[in-house]
Amino acid sequence: MEKEHPEFLEILKEKDPQYAGNILENYEKNFSNGALTAKTKTLIALALDAGNGDVEGVKALTKQAKELGVTEEELLEVVEVVEGTSGFQGLAAAMKALE
């Protein structure tokens, strides 16, 4: 089964397949098991998106994280870390992971 990519990467793939190919290759590598598990990498990305206020990114990464077996307790801990590092703006975005 092919991994679902963010919509903006799919659009780029359509418009410029050669350029998008390199980006998609890196995307696959960045979200695959390595020294860190794919699950851990996804939670890191989710926290970063939340800290930057990217609600759509949080929603997409939450879906991806749940497909990797992330629990509600793990998501709650990520939300709490985001609040501790990014304040209420990050908390507001991170809460989308718990909806």
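The values are calculated or read from the model by the stated rules, or taken from the named source; none is laboratory data. On a predicted model such as this, the values are computed, not experimentally measured, just so you know. Using ideal geometry, Cβ is built from the backbone for each residue, glycine included, and neighbour counts are taken over all protein chains shown. SASA here: full protein model, heavy atoms, side chains in, ligands and nucleic acids out. Shrake-Rupley method; radii C 1.70, N 1.55, O 1.52, S 1.80 Å.
Brief remarks on what is shown
- Candidate lysines - alpha carbon under 21 Å from Lys15, same-chain residues fewer than 8 apart omitted: Lys3
- For the chain, the Cα-based Rg and Dmax, in that order, read 14.0, 40 Å.
- Over the stretch 37-98, relative contact order from alpha-carbon pairs under 8 Å, at least 6 apart, %: 44 percent
- Sites Lys29 and Phe88, calculated FRET efficiency, Cβ-Cβ separation with R0 25 Å, nearest 0.05: 0.15
- Rolling a 1.4 Å probe over the protein heavy atoms leaves Glu73 with an accessible area of roughly 120 Å².
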